[in-house]
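Okay, structure first, notes after.
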Amino acid sequence: MAPIEFHKQLVNLETSLEKFAHRLTSEKADAKDLLQETYLKVLSNQDKYVNHVNFKAWTFTIMKNTFINNYRRKVRQKTQCDQSDDLLLINRTKATGSDDPDAAYGELEITQNIEQLNDLFRIPFKMLISGYKYKEIAEILDLKIGTVKSRIFLSRKQLMDKLNK
């Protein structure tokens, strides 16, 4: 495809891409950022586009993947800004309440009980508490979303029963 035709098709998709970006982000500013990042990736990967592939689908896939990657990066990134004048606290982790011996024992007991769960229940449950969404867990484990929700519900129920004894 000629570069002029490529750019023309990209410009024709602008409104559709804006709507899709807004649907993904729910924020106008974030949608604009996602749109710009998508344009940048589409234009920088122009040479990888194959003529017989649906251009609109290719572009929307780039946007969706960009959104997912950004979302996962934000979830994993736990940056803490240091507001103090003393640089001693920069590398110190945020207090979680586990300084209390009773709280530490509770965390240890909960972790042990999670590890005792059957794989069918433990794996989706651990993925959920690691920050994955139900839909992502379903896709990774190749399960229906209802199955994932059911297994996580049953995991919670089993844990509550074990911890209340």
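For this structure, a couple of remarks:
- All positions within segment 13-48 that are in a loop (DSSP other than H, G, I, E, B), exposed (fewer than 15 other Cβ atoms within 10 Å of the Cβ) and more than 23 Å from the chain's Cα centre (by Cα): Asn45
- Evaluation of Leu163 against (1) farther than 20 Å from Val75 by Cβ; (2) within 22 Å of the chain's Cα centre (by Cα); (3) among the aliphatic types (A, V, I, L, M) (one fails), failing number: (2)
- Pairs with Cβ under 7 Å, 6+ apart, first in segment 54-82 and outside the structural domain of Gln9 (by TED's automatic domain parsing) and under 22 Å from Ser130 (Cβ atoms), second surrounded by fewer than 11 Cβ atoms within 10 Å (Cβ to Cβ) and modelled with pLDDT of 90 or more: none
- For segment 27-44, the candidate set comprises residues that are of a type in the set (S, T, N, Q) and over 15 Å from Lys64 (Cβ atoms); within that set, the residue that is modelled with the highest pLDDT is Gln36.
The values are calculated or read from the model by the stated rules, or taken from the named source; none is laboratory data. It should be emphasised that the depicted structure is a prediction, and the values quoted were computed from it without experimental measurement. Cβ atoms come from the backbone with ideal geometry, glycine included; neighbour counts cover every protein chain shown.
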